[in-house]
1. Taking every Cα atom in region B:67-137, find the radius of gyration and the maximum pairwise distance Dmax, and write them in Å.
2. Could you state the principal axis extents of the C-alpha atoms in region C:1-64, from the largest down, to the nearest angstrom?
3. Average the reciprocal distances over every distinct pair of alpha-carbons in region B:88-243, invert the result, and give the Kirkwood radius in Å.
4. When only C-alpha pairs under 8 Å and at least 6 residues apart count, what is the relative contact order of region B:116-160, in percent?
5. Sort B:192-202, B:242-252, A:13-23 by the packing proxy (mean of other Cβ within 10 Å over each peptide's residues), most packed first.
6. Could you work out how far the C-alpha centroid of region A:225-248 sits from that of region B:176-252, in angstrom?
7. Counting only other chains, and only Cβ atoms inside 10 Å, what mean value do you get across the residues of B:213-219?
8. How long are the three semi-axes of the equivalent ellipsoid of region A:63-266, in whole Å, if each is the root of 5 times an eigenvalue of the C-alpha gyration tensor, listed from largest down?
């Protein structure tokens, strides 16, 4: 009897936990399907006739599609550049135990972005690179590169050294070994690094807020700008929020295992 | 062939070189530049070149009440948020550290806040907190409690923001601790059970001490990130009402990109930078100690 | 101290049955070893005795008390785990004192017991160390110390030596045996290593696929294995088996070679039989021996192992003499007629 009672109590706790986690997402989704009148109703309405008009409005009237594309361009290029720079660096860190180098690159992850942002702002202005994809991608690489290096150096360490030594004995060069043996074995690590760095670039607000203007504006800024109108169009904002969160959430659901390992990596390794 | 052997024997710096150059260019140089700016009286809007004024920016900013309040508030926000996250996060991890139906679903749910766009999260919580139409006051009133003014009043704004941070980042600690628990061997807990420990004693005397290094690492990671919280505060309150929710990050942003008082902004950025650096040094020290 | 009764014990995980009705009676003070290949259910059975696994059917009694539903802490047992299960955040002394602290024993009592146990195991100088500062053998001793301090009714060991190197394993084997001779606590010990079983046990329980194949003293199992499984499992190198039948008091192999068998049952004539002979029971005999074609010769110094084709099968022989044959050469050997084993081919049972 006691065991059954505990079991019920446990499931109640789990359901409560799940509800708390889900509530903001659910409320966002529900509100995005309401008319403005339903949203401002008091007490809040739980039963209403859903409408897609907010989505039509957001994707139709605004330049939302362009911001979506901008976000995608910036994230894809930031991830690409960080893989290009980060994979060889991570390999070297893993193979030669370059702890100090790892720390320096990790510092970029730990340091507040805003302390680099002011000098960038000044320099990019001087170079005429404000509101350019180049400036935006470079700034985002500073977020994504440490993620790639961190995840991949841990991953490379798990590949047995014997494999490389055997290839070396067979006469392969380091470069060849890296390209033809190490990288093909690193699929899971690369998926983890790519997914996480894409999401972090996608979600970044601060860098784009300062470095982009009308032409390269990314989604988080666009969503934020909704708020600046005097009379907030809650339905529109919520539809926009759903749109911006959807890609990251979907990626996470697809690559759940990889995202978990990426986020918890290192801490557990101690 | 000679080409090959040259690359081979120098691979340890050739491979990381591009990444090092990149980090030097985009991180190290800007920090040095910020240090220099902090010693000048430069304002971007004046159109004049920066002139060297020594440490007088520091004297001015470090004594300014608005800065000191923001500094204090940063610590209050960070420590209260992370303290709550640590307690809830570890508790949730201990709760979920067993086999049950729906475990993988719950773990997926825990991931969602971590990857949700912070700005959008802030906006959703704005709707929650809205005093006239928000769900938060509706819940309070349904429970027979008085409504709160949440983020629209100076007394409650910081607490309301802490709540958002707790919602978004507690799962991080839970997931890290869960992974830590999974990496523990079952044997010590079984040995303790035979030695006469009850469930609570096993958790308190065996499991928690064994997973403590992981908890500490997770908490320090969270501390560093919480110190830098910007998106949700900027999106939800912009530092307001008045200056009531300004943290160092917010005030640094405003001095740089709203007032364009670059010299003074640089001082604020230096302070934030040094605090985070100190925390980061702590984390590596700790890592080394655990390794030993 | 107490006796231990295992009566028709069964274990199933859902529909998967892993232990099918095991009966073992262990006397007070006996050292019993459960041995068998991995997956035979021996560790599960041990964990059921410990209370770490529930019992699906049957009864386990410690002394007069049925413990099926008694939680581990109230069974008055101590267990040494395969990976030692030392508490990494406690010193050696704290590890050993842990169980008594939980029982709220008075401090001087705890200190006395811990120092006694440390004395016995030679751990006195290591009491303030942490487990990570100890070698494998020292950790093993701490794990035993933790068990000794309890002064339990029964000691349980779960493959305690499998993580040690070969030399240390032999040494710890002796130490555990000495410890048992000194404390005389009833002990159940699980291993997959039949040499450990042979050298340490008062009584061996051979398990296979969730059933007990044979229970007996080590030499009894060696001299009179009850069935083909035990015959093949106990002894190293393993017993050689030849297929054939009995005819007029002699064993005739399928390849037509006849071997002498002392007191063969006449009633079994013509029935399919498996004839077993241990490698050390081959005798080199140039006059009466039958020819065997040598394939590999392995001298170990004290003896020589010869792999050869004999009576149509691959067999191995172990000889105290030096054998100088080269691969491909013929030697002449004869199995000791008094030491052959006969098994029914269908049931695998000893005849």
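1. Rg, Dmax (Cα atoms, Å): 16.4, 51.
2. Cα spread of region C:1-64 along its principal axes, largest to smallest: 36, 25, 19 Å.
3. 17.9 Å
4. Rounded, it is 23 percent for region B:116-160.
5. So the peptides B:192-202, B:242-252, A:13-23, ranked by packing, come out B:242-252, B:192-202, A:13-23.
6. With region A:225-248 and region B:176-252 each reduced to a Cα centre, they are spaced 31 Å.
7. 3
8. 36, 19, 14
No lab work stands behind these numbers, since they all come straight from the coordinates. These figures come from a predicted structure and were not determined experimentally. Note that each Cβ is placed from the backbone with ideal geometry, even for glycine, and that neighbours are counted across all protein chains shown.
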